[in-house]
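In what follows, a single structure is set out as structure tokens and then discussed.
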Amino acid sequence: MNSQITPAAAPTPVRDVVILGSGCSGLTAAIYAGRSNLRPLVLEGHEPGGQLSITTLVENFPGWPDGIQGPELIENMKKQAERFGAEFKMEHLVSVDLSSRPIKLVTERSTILTRTLIIASGASARWLNLPSEQALIGHGVSSCATCDGFFSSGKEIAVIGGGDSAMEEALFLTRFATKVTLINRSEKFRASKIMLERAMAHEKIEFLPNTTVEEVLGVDEKDVRGLRIKNRSTGVESILPVSFMFLGIGHEPNAKAFTGLLDLDQDGYILTRDDVYTTKDGEILPGVFACGDIKDRKYRQAITAAGSGCMAALEVEKFLEGHGR
Ligand code: NDP
């Protein structure tokens, strides 16, 4: 008789640490965890490299007296993490079970088991959420000046926002655009003094405070033809003839997957205790750590994100040691 034995499926190996996100924070965690021989797996997420990968010159990261381009800084960090054995996968988290041990992560391609988890999935650009804006994304509406600035060459454009992101974008876009109008819903611009002064001193940048965008024109033409704007004090509407609109109105934390699983603040940022420990109903959730912009609404700098990534990796090491690894 010809009996066929079906081989049992190999059990899924349990990892020591999985890092969600490949921005400054996740990569720093990967460097530290890698150097501790934990062979971290990094799930790169929807925006590989995070916010630094879509920024231009980073002038305030220590060690670079002349500044460094954001994408180059990220690439260097990734190489550094790989050198210490970090593994990278272009997969996205579909669901996560934080109540089981090992922790179970499901991506669109695989199921991953891990003893510890570092959540470093950062924050993403915010939109105005006007139907016309959404319809024209990629057709003259963009949230990434670095990616799409070139396409605004020789055009009059608008940048929305009044914080440092908006100033940075506006200044960067003066390389391409003939005129940049900065539209801010508030009277007061929130940007730091130095950035605001730089933007104000630029001959191509014009300020339009106390103004909201009501509609992006050009949906039928599939190309931005102007903005219908409204002065908030007078209520008077007018048309601003621009051919491109860039958003620079801040970011949302990428923590939706953890709603109900972890304690989040009112804006969806992960709440942490002792810097990087996550909690559920006020109690520390063992083995689950968060670092970087997903839990930091205050500083949000590359160096603070890197610092908290380092802290998370060191706490992972301590946690695993405490559990006999
Ligand atoms: P901020 O939160 O500082 O500013 C957001 C801006 O967008 C505000 O002007 C806000 O207006 C406006 N805004 C928010 N939501 C809407 C909306 N729905 N419609 C219209 N306007 C809106 O975010 P940033 O991204 O600018 O900065 C975040 C942090 O990162 C800051 O700490 C900043 O210093 C830092 N940063 C530093 C840089 C650098 O040093 N090179 C570069 C970029 C950022 P309002 O004031 O009315 O709320």
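A few remarks follow.
- A count restricted to the stretch 216-231 and to residues that are touching a Leu at 6+ places or on another chain (Cβ under 7 Å), open to solvent by 60 Å² or more (accessible area, probe 1.4 Å) and within 16 Å of the ligand (Cβ to nearest atom) stands at 1.
- Selection status of Leu182, surrounded by fewer than 22 Cβ atoms within 10 Å (Cβ to Cβ) and either in contact with a strand residue (DSSP E or B) (Cβ under 6 Å, 6 or more places away or on another chain) or part of a helix (DSSP H, G or I) (or both): no
- Enumeration of residues in the stretch 185-215 that are among the β-branched types (Val, Ile, Thr) and either surrounded by fewer than 17 Cβ atoms within 10 Å (Cβ to Cβ) or within 12 Å of the ligand (Cβ to nearest atom) (or both): Ile194, Thr211, Thr212, Val213
- Condition check for Leu173: under 26 Å from the mean Cα position of the chain (by Cα), in contact (Cβ under 8 Å) with a residue 60 or more places away in the chain and either more than 10 Å from the ligand (Cβ to nearest atom) or loosely packed, with under 15 Cβ neighbours inside 10 Å (or both): yes
- For the stretch 232-245, a tally of residues being in contact (Cβ under 8 Å) with a residue 12 or more places away in the chain and open to solvent by less than 70 Å² (accessible area, probe 1.4 Å) returns 5.
- Some residue of the stretch 221-230 being farther than 23 Å from Gly122 by Cβ and in contact with a His (Cβ under 6 Å, 6 or more places away or on another chain): yes
- Meeting the requirement of 3 or more residues that are buried (at least 19 other Cβ atoms within 10 Å of the Cβ) and more than 16 Å from the ligand (Cβ to nearest atom), the strands (runs of 3 or more DSSP E) wholly within the stretch 82-165 are 111-119.
- Within the stretch 266-298, the residues that satisfy the criterion of being buried (at least 19 other Cβ atoms within 10 Å of the Cβ), assigned to a loop (DSSP other than H, G, I, E, B) and modelled with pLDDT of 95 or more are Tyr269, Val276, Cys291, Lys295.
The values are calculated or read from the model by the stated rules, or taken from the named source; none is laboratory data. Small disclaimer: the values here were computed from a predicted structure and weren't measured. FYI the Cβ positions are ideal-geometry reconstructions off the backbone, even for glycines, and counts take in every protein chain you see. Please note that ligands, DNA and RNA were not included when accessible areas were found on the heavy atoms of the full protein model with its side chains. Shrake-Rupley method; radii C 1.70, N 1.55, O 1.52, S 1.80 Å.
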